[in-house]
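Written below as structure tokens is the structure these notes are about.
The values are calculated or read from the model by the stated rules, or taken from the named source; none is laboratory data. It should be emphasised that the depicted structure is a prediction, and the values quoted were computed from it without experimental measurement. With ideal geometry, Cβ positions are generated from the backbone for all residues, glycine too; neighbour counts draw on all protein chains shown. Just the protein is used for accessible areas: all its heavy atoms, side chains included, with ligands, DNA and RNA removed. Shrake-Rupley method; radii C 1.70, N 1.55, O 1.52, S 1.80 Å.
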Amino acid sequence: MTQTQHADIVVVGAGAAGLFASIWAGRTAESSAAPPSHPSIIALDGAKKLGAKILVAGGGRCNVTHHHVDETAYFGSSRNTVRRVLGRFTVQQTVDFFADAGVTLKREETGKLFPTTDDANTVLNALLHQARAANVHIRHPWRVGRIARDESPNAQHPFIIARAVEQPTSQTADDASLSNDSANAQPTEIIRARRLILCTGGMALPKTGSDGLGYTFARTLGHSTTPRIFPALVPLILDDSSFIRALSGITLPTTLRVLSGTGKQLVSFTNSTLCTHFGLSGPGPLDISRSYFDAKAADPAATLVINWLPKLTTEQLDNDLVNARRLPPLKFFDRPSHHLPERLARALCASANIDPLSPCDNLPRNQRRALALAVTSAPLPVTGSRGFTYAEVTAGGIPLAEVDPSTMQSRLCPGLYLAGEILDVDGRIGGFNFQWAWASGFIAGSSAATSLSTSPHP
Ligand SMILES: Cc1cc2nc3c(=O)[nH]c(=O)nc-3n(C[C@H](O)[C@H](O)[C@H](O)COP(=O)(O)OP(=O)(O)OC[C@H]3O[C@@H](n4cnc5c(N)ncnc54)[C@H](O)[C@@H]3O)c2cc1C
């Protein structure tokens, strides 16, 4: 027997965007003089433990935002729309929100903002507390299996949200349209909602519950998704033969550049790089991964090039090697101005077929040049990424053109709102993805609540 319940607003997904949308839906409804004064707001999440991504973020410290956020730190759909959304809920508003919730944020040298406790639990607990204070009913684990829309003109609660359960159960005829899913996704519980806010995230770190089913819900409700949905902020796998794989543990700042097949520089980032047993990780490789795989999809001849001494060009290093005279490369790369970890210096010399202990002035011009190129401009043999399992964010999703940025309401399905990573927006490393979740969640939640009083029927 199917149980059906009714709610004013249902938020599917109680991650960063969903919690924020719920909180602001509740707060907006409470401060509104118009009925309903106490709307029922339910946030559903399939996870047993809420906020998994908030807890793992920033190495368990949760990089909540960045001191300077603007649209240039984002990829995906129109930057102009991203700017409009970010402008509605600024970094200062994020700082104030968390301060009011008892979480003081501190700014680090990199511009990233973390809680002063250095503990992501502080952030998650504050969000959960604020949601309860805003009369949001959070239900979990409550995984949504299917969503449909009742198109009859008088439907007060047009969104039909069905719970996915392990065991097949019987349904009523009314709900039969929701039941033809796989045997392990049979609904036993239905919630009908006047407004629906989809915050199911993307596909990064799928074990947290964000596995892409939200895209199916959105498509069922009339939306499209971008032709490519792929992992971003993701570690890079290098070919087995790459010497870098033997340098596991070495971390240093590098510049990574994406070049088109014709050699034109498309993107360049300088940041910390970590050599690992599979290839490269750390903020630099993660940041460039999206641009590289995007370029590669459009132009198979695109390359990723590394400079292990970001302050030097190939010409400058070549010149410095000339002036190094009797100094052998190994000693040369031990100087503070040209410092490379010894293991790396030896591997770079080997890759250029150079004896690391032979004085620099013994090097023929072409060998010296080969060494300068190996250090400052070597193409990386990238064979792939570590995939969604290790990605921090999803590139692609529902195009922003299908959403009104002033409300985050769907342009295709009245009464449906979208926020967070489900949309075709992904940010760089540094707190930008959470700021997107806060800003879009704020707009979606407050607009959905406002719409209840201004237009009872979506
Ligand atoms: C390891 C890691 C570290 C990160 N660190 C940072 C950082 O420090 N700073 C930063 O800005 N960003 C960081 N990010 C990115 C950031 O966490 C995400 O961009 C952000 O959490 C997206 O929020 P969201 O609410 O849109 O989606 P999610 O956080 O993915 O939340 C979606 C929620 O929907 C639920 N859900 C999905 N499908 C269903 C369903 N069918 N039924 C019910 N519930 C469902 C999921 O269980 C999940 O709780 C990190 C990501 C990862 C993976």
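Roughly how many Å is it from the Cα centre of the range 149-164 to that of the range 38-52, as a whole number?
Rounded to whole Å, the Cα centres lie 19 Å apart.
Which whole-Hz couplings ³J(HN,Hα) result when phi for each residue of the range 202-209 is put into the Karplus expression 6.51 cos²θ - 1.76 cosθ + 1.60, θ = phi - 60°, listed in order with x for Gly and Pro?
With coefficients 6.51, -1.76 and 1.60, one gets x, 10, 6, 6, x, 5, 7, x Hz.
Label S152 and Q316 with points 7 Å out from Cα along Cα→Cβ: what is the distance between them in nm?
7.2 nm
May I ask for the distance between the Cα centers of the range 410-425 and the range 339-408, given as a whole number of Å?
Spelled out, the Cα-based centre of one part sits 37 Å from the other.
Based on Cβ point charges of +1 for Lys and Arg and -1 for Asp and Glu, what charge dipole magnitude is obtained for the range 235-385 about its Cα centre, in debye rounded to the nearest 20?
Values: 15 positive and 12 negative charges, 56 e Å.
Dipole of the range 235-385, to the nearest 20 debye: 260 debye.
For K49 and D299, what does the FRET efficiency come to when R0 = 41 Å and r is the distance between their Cβ atoms, rounded to the nearest 0.05?
Working: r = 42 Å, r/R0 = 1.03.
After rounding to 0.05, the efficiency reads 0.45.
So, R0 is 35 Å and r is the distance between the beta-carbons of R107 and R143; what FRET efficiency does that work out to, to 0.05? Could you put the intermediate results ahead of the total?
On the way: r = 37 Å, r/R0 = 1.07.
E between R107 and R143, to the nearest 0.05, is 0.40.
Taking amide hydrogens as modeled 1.01 Å from N in the peptide plane, which residues meet the under 5 Å criterion relative to V393, leaving out close sequence neighbours?
Counting only residues 5 or more places away or on other chains, the set is A232.
Have a look at the DSSP beta bridges in the chain and tell me what percent are antiparallel, nearest 5. Numbers along the way, then the final one.
On the way: 47 of 68 bridges.
Of all bridge pairs located within the chain, approximately 70 percent are antiparallel.
For the range 253-266, in order, what is each residue's ³J(HN,Hα) by Karplus, 6.51 cos²θ - 1.76 cosθ + 1.60 with θ = phi - 60°, in whole Hz (x at glycine and Pro)?
Running phi through 6.51 cos²θ - 1.76 cosθ + 1.60 with θ = phi - 60° gives x, 9, 10, 10, 10, 9, 10, 6, x, 8, x, 6, 6, 9 Hz.
If amide hydrogens are placed 1.01 Å from N in the peptide plane, which non-local residues have theirs closer than 5 Å to the one on G145?
Those qualifying (amide H under 5 Å, at least 5 residues apart or on another chain) are A162, R163, A164.
Tell me, what % of the accessible area of the chain is carbon and sulfur with a 1.4 angstrom probe? Walk me through the numbers on the way to the answer.
Details: 9740 of 19120 Å².
Carbon-and-sulfur percentage of accessible area, whole number: 51.
Calculated from DSSP H runs of 4 or more alone, at -39500 (n - 2.57) each and per residue, what is the 222 nm mean residue ellipticity of the chain, nearest 500? Could you put the intermediate results ahead of the total?
Details: 12 runs with 142 residues, N = 458.
After summing the helix terms and dividing by residue count, I get -9500 deg cm²/dmol.
Which pairs break 22 Å Cα to Cα here: K53/K106; K106/K311; K106/K207; K207/K296; K112/K264; K48/K112? Numbers along the way, then the final one.
Details: K53/K106 20 Å; K106/K311 29 Å; K106/K207 30 Å; K207/K296 28 Å; K112/K264 31 Å; K48/K112 29 Å.
Among K53/K106; K106/K311; K106/K207; K207/K296; K112/K264; K48/K112, the Cα-Cα distance tops 22 Å for K106/K311; K106/K207; K207/K296; K112/K264; K48/K112.
Through the Karplus equation 6.51 cos²θ - 1.76 cosθ + 1.60, θ set to phi - 60°, convert the phi angles of the range 288-293 into ³J(HN,Hα) values in whole Hz; use x for Gly and Pro.
7, 4, 4, 5, 5, 5
Among N366, A350, I160, which residue has its Cα furthest toward the positive end of the charge dipole of the chain, with +1 on Lys/Arg Cβ and -1 on Asp/Glu Cβ?
Of the candidates, N366 comes out farthest on the positive side.
Mind listing the long-range amide H neighbours of T383? Cut-off is under 5 Å, sequence gap 5 or more, other chains count too, H placed in the peptide plane at 1.01 Å from N.
Under 5 Å from the amide H of T383 lie the amide H atoms of I237, L238, D239, each far enough along the sequence or on another chain.
Among H66, H277, what's the order by accessible area (1.4 angstrom probe), most exposed first?
Details: H66 25, H277 115 Å².
My answer, sorted largest first, is H277, H66.
When ligands, DNA and RNA are left out and all protein chains stay put, how many square angstrom of accessible area per residue does the chain have with a 1.4 Å probe? Present the calculation step by step, with values, prior to reporting the outcome.
Numbers: 19120 Å² over 458 residues.
Accessible surface, normalised per residue, equals 42 Å².
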